[in-house]
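A short write-up of the structure that comes next.
The values are calculated or read from the model by the stated rules, or taken from the named source; none is laboratory data. Computed from a predicted model, the values in this text were never measured in an experiment. Reconstructed Cβ throughout: ideal geometry from the backbone, glycine too, with neighbour counts over all protein chains shown. Quick note on the areas: whole protein, heavy atoms, side chains included, nothing else; ligands and nucleic acids left out. Shrake-Rupley method; radii C 1.70, N 1.55, O 1.52, S 1.80 Å.
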Amino acid sequence: MKIVSRNEELLRDALSCSPQPSSRTSLASCSKLIRFEDISAAAFKIQCGIQKTPCMYSRLSKQYGMDIYLKKEFLQYTGSVKERGVLYLLMSLPQEQQRKGVIVASDSNFSMAVAYHAAELRVPVFVIVPTGTAPARARMCRDYGAMVISYGATAKDSQVHARRLAQENSYLYLEEEDSAVYLSGLGTVALEMYEQVPKLDAVIFPAGGHCGLLAGSAAALKHLNPHISVIGVESESFPVLQQSLKAGHPTEDQACNNHHFYGDVSGVCFGSNSLQLTGKLVDKVVAVREEDILISMLRLLEYERATVDAEGAIALAALVAGKLPELKGKRVAIVICSGNLELHLLQQCIARALTLDNRVCRFSLVISDCPGDMSKLLEILAREEVRVLDIKQERTFVTSELFTVQVTCTVETRDKIHTSQLRNALLERYPRAAWTER
């Protein structure tokens, strides 16, 4: 957690091992930065304010050839695992600062967690968001109890304004980073998983820019059982963590995408403490494609009735992509850490995932514009047991012979094999049928 205000020293005594804001922690001192005792203390302190989410055996296990247990952190009140670190941070503040209040400048999961738990603790809380922020996000923070202020066209404008307000009013400006307090709170999820699923072989976490969950949880798991494999997953589009581990210091990926779909997965503001803990304790970091994340979201919705965002689905995406074949036959826990996806994005993601999964396809063909020809096409579709989603007919701009109609159909099939059967059946009767590639 990066704390910026006139009172930067407020949290230095919250944990005896908390780092100085300007210091760089060496690998040798990582164990002093965050200890297992710190994580245990955090678990005890936040137990009344955080949901102990289930870690349940998944029906996806058979499909991927391993015993999969899903830690459903998206069931937290604000839909994010970030609540753990935020609540422990806020409870660790001196009473004087709690009375003055805190301020954040984003519409992220972190800000929503601050808005909710600060209000619950009766700490005045202000959230500064850019003017282009989705109304639903701003409304959610307001409903949690925060004073929401729209300011500036960009996130940087909002941050500058928030810092100025913090200086003028003695608020504590909070920006997600990697203090020992915050990492200890996030690490409590690992304690619960270890208790809920005996004899774990591996645990998979989301990684990317904000790798505090991965680092804090790795510290807990490796203390409890050094033989448990800890694996991080990030996006191929911006492999910030892998680049930073290779470079030995935090780096920024110039290709980093700010689209809301990626949320905190594409962040670049994690600190050297999290990076060094990750380098020392995490066994493996893999990258997955956007397509794998979308299919992972679809699998979770269908098999688990879980509506999650990219950050929540990315850990499972490593199995969808076949990036971890060494886990076959093992007992594996996966953290589903976030479920805050805007409704219009959810609709787009599921529609795209069905196409990527070869379950929605589109084809075009030309038939004579005579009575009965359309019914013959529909008979084939009915015989093949596909679900027709849309049919469009074009007569005016057909470039083939006269008195024909171009028909474009969008249909839903069961799987890739069913799609192939449909294609063969259509080509047998309509050799010039054209399929739209996904």
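Dipole magnitude for the chain: about 560 debye, using +1 per Lys or Arg Cβ and -1 per Asp or Glu Cβ, origin at the Cα centre.
Taking every DSSP bridge with both residues inside the chain, close to 45 percent are antiparallel. For a straight C-alpha distance cut-off of 20 angstrom, the aspartates and glutamates reachable from Lys416 (same-chain residues fewer than eight places away being disregarded) are Glu290, Glu291, Asp292, Glu302, Asp357, Glu384, Glu385, Asp390, Glu428, Glu437.
Scoring 345-353, 274-282, 310-318, 376-384 by mean Cβ neighbours within 10 Å over their residues and listing the highest first yields 310-318, 274-282, 345-353, 376-384.
Here Cα Rg over 2.2 N^0.38 Å was calculated from the structure, and among (1) 1.14; (2) 0.96; (3) 1.46 it sits at label (1). Residues whose amide H comes within less than 5 Å of that of Ala306, counting only those at least five positions distant or on another chain, are Leu301 (H built at 1.01 Å from N in the peptide plane).
Farthest towards the positive end of the charge dipole of the chain, among the residues Met147, Val125, Gln196, is the Cα of Gln196, using unit charges on the Cβ of Lys, Arg, Asp and Glu.
Rank by packing, highest mean first: peptides 408-421, 92-105, 68-81, with packing defined as the count of other Cβ atoms within 10 Å averaged across residues. Walk me through the numbers before you get to the answer.
Values: 408-421: 15.4, 92-105: 19.4, 68-81: 23.5.
Going by the mean number of other Cβ atoms within 10 Å, highest first, we get 68-81, 92-105, 408-421.
Residues whose amide H lies under 5 Å from that of Val125, counting only those 5 or more places away or on a different chain, are Val102, Met147; hydrogens are built 1.01 Å from N in the peptide plane.
Using the Cα centre of the stretch 359-436 as the reference point, and only Cβ charges (+1 on K/R, -1 on D/E), how large is the resulting charge dipole? Debye, rounded to the nearest 20.
On the way: 12 positive and 11 negative charges, 50 e Å.
Computed about the Cα centre, the dipole is about 240 debye.
Residue-wise HN-Hα couplings along the stretch 360-375, as the Karplus relation 6.51 cos²θ - 1.76 cosθ + 1.60 with θ = phi - 60° gives them from phi, are 10, 9, 9, 9, 10, 8, 10, 10, 6, 8, 10, x, x, 5, 5, 5 Hz; Gly and Pro carry x. Which entries in Lys52/Lys82; Lys71/Lys246; Lys280/Lys330; Lys246/Lys328; Lys199/Lys222; Lys199/Lys328 show an alpha-carbon gap greater than 19 Å? Check vs 19 Å cut-off fails for Lys71/Lys246; Lys280/Lys330; Lys246/Lys328.
Rolling a 1.4 angstrom probe over the stretch 85-174 with all protein chains present gives an accessible area of which 51% lies on carbon and sulfur atoms.
Enter the Cα centre distance for the pair the stretch 129-152 and the stretch 158-183, rounded to the nearest angstrom. The stretch 129-152 and the stretch 158-183 have Cα centres separated by 17 Å.
Averaging the Cα positions of each part gives two centres, and for the stretch 365-381 and the stretch 94-119 these lie 62 Å apart.
In the chain, the DSSP-assigned H stretches of four residues or longer account for a calculated mean residue ellipticity at 222 nm of -13000 deg cm²/dmol, using -39500 (n - 2.57) per stretch and the full residue count as denominator. Under 5 Å from the amide H of Ser338 lie the amide H atoms of Phe74, Asp309, Gly312, each residue being 5 or more positions distant or on a separate chain, with H modelled from the backbone and absent for Pro and chain starts.
What is the local net charge at Val320, summed over the other residues whose Cβ is closer than 11 Å to its Cβ (Lys, Arg +1; Asp, Glu -1)? It would help to have the intermediate numbers written out before the result.
Numbers: positive: Arg289, Arg299, Lys323; negative: Glu291, Asp292, Asp357.
Overall, the nearby charge balance is 0.
Spacing of the modelled spin labels on Arg432 and Arg99, each 7 Å from Cα toward Cβ, amounts to 8.4 nm.
Using C-alpha pairs under 8 Å with a sequence gap of at least 6, the mean separation divided by the residue count of the stretch 359-436 gives a relative contact order of 47 percent. Short-range pairs are left out: with C-alpha atoms under 8 Å and at least six residues apart, the relative contact order of the chain is 16 percent.
Working from label points 7 Å from Cα in the Cα-to-Cβ sense, the Val160 to Arg122 distance is 3.8 nm.
Need the C-alpha centroid separation for the stretch 42-81 versus the stretch 297-359, integer Å. Taking the Cα centre of the stretch 297-359 as reference, the centre of the stretch 42-81 is 15 Å away. A straight Cα-to-Cα reach below 17 Å connects Lys376 with the lysines Lys392, residues fewer than 8 places away in its own chain not being considered.
Which whole-number value in Å³ per residue fits the convex hull of the alpha carbons of the stretch 289-405? Kindly include the intermediate steps, with their values, before the conclusion.
Values: hull volume 18.8 nm³, N = 117.
Cα-based convex hull of the stretch 289-405, divided per residue, equals 161 Å³.
How many Å² of accessible area per residue for the stretch 128-210, probe 1.4 Å? It would help to have the intermediate numbers written out before the result.
Working: 3290 Å² over 83 residues.
Per-residue value: 40 Å².
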